[in-house]
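A short write-up of the structure that comes next.
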């Protein structure tokens, strides 16, 4: 498995070179396994990780599942996915490079009654830092949608935030803090973000692109972008009023067929998974015009959810006498990163972890290392 890291080099002379001026943020895609040489226990689903600049496949990973129904990035910059095995659900947690970190407590006795995550769907984190997951009230009977809330730190079940969510297919919190749910019967419905109480139908079913199987995201402009299976398009609605604006991505543009996921990338463009053609398509983030086929791979079948990982923090190197100061922005949690050192980039050489505790100085975490006149490479790795 290739490890994702930020790399800088410090030399014995007064020279500092940083590996790349643009912070990296990879694209994660949930997909079926086409070839079963890579078999994740009893499941046939994987998560593919693509380079956000080139579209090249970096690695693939997964864990015991039949289906990854949803995927998001948490406040801790970990990857969270919902797993479905014969209708019973779990929430799995991974590092950005695919290391499995365990799951949520989704089978918890509460008040003498067992609480389970059943028929899991997509998930998201709310303004309160907690995790909200689409579930169902029945394994085999008539569907009754639920939104389950889990503690964002302990990952324990909190409560049923919405007890009658209709037929939920997607969810997201808006800028004002309310919860929006894609209901296959009603349209896009809005719930109070603090109490879970029904507020209104924001976009009615039957509006352009809002029927049958659909999902949505909020764009950087605050508007609502809806992926429509019926029209093979991406439809845009006003983020304040819910009014129809336009077909942002025209029906079938770029060969789009059965859009399965949406995400705006670090470059500001819109990425859409074309499930029936096994491709990730890229569109201009301002005009919706088709740009290119961003990614395709033999391992990718029926791609669905799309998530960009947060950009890697950039390392900065500063010489101070016989020491070297290595720093990175404090927007990233220090305990989630390990700073390592190597004398050359030869594949046979091992990285040595610096055990110095990062110190918070202003807006940066800083680690001090000895400078001995021999070139040294440093990398920051999430663990």
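Just so you know, all these numbers are worked out from the coordinates, no wet-lab data involved. Just so it is clear, the structure is predicted and the values come from calculations on it, not from any experiment. Cβ sites come from the backbone with ideal geometry, for glycine too, and all protein chains shown count toward neighbours.
Computed from the Cβ-Cβ distance with R0 of 25 Å, the FRET efficiency linking residue 322 to residue 363 stands at 0.45. Two decimals is fine: what is log10 I(q)/I(0) at q = 0.12, 0.23, 0.25, 0.26 Å⁻¹ for the range 229-312, from a Debye sum with one equal scatterer on every Cα and no solvent? Ignoring solvent entirely, the Cα scatterers give -0.34, -1.13, -1.27, -1.34. Peptides 54-60, 82-88 ordered by packing proxy, namely the average of other Cβ atoms within 10 Å per residue, highest first: 82-88, 54-60. In whole Å, how far is the Cα centre of the range 268-304 from that of the range 179-214? Spelled out, the Cα-based centre of one part sits 26 Å from the other. Stretched out straight at 0.36 nm per residue, the stretch from residue 167 to residue 244 would grow longer than its current Cα-Cα span by 25.5 nm. With a Förster radius of 45 Å applied to the C-beta separation of residue 354 and residue 128, the computed FRET efficiency comes to 0.80. In a fully extended conformation the segment linking residue 298 and residue 156 would gain 47.4 nm over its present Cα-Cα distance, using 0.36 nm per residue. Restricting the calculation to Cα atoms, the range 99-213 yields a radius of gyration followed by a Dmax of 14.3, 46 Å. Percent of alpha carbon pairs in the range 154-228 separated by more than 15 Å? Here the long-distance tail beyond 15 Å is 53 percent of all Cα pairs in the range 154-228. One way to sum up the overall shape of the range 27-308 is the equivalent ellipsoid from its Cα gyration tensor, whose semi-axes run 27, 24, 16 Å, largest first. For the pair residue 195 and residue 343, the difference between a 0.36 nm per residue extended length and the Cα-Cα distance amounts to 47.7 nm.
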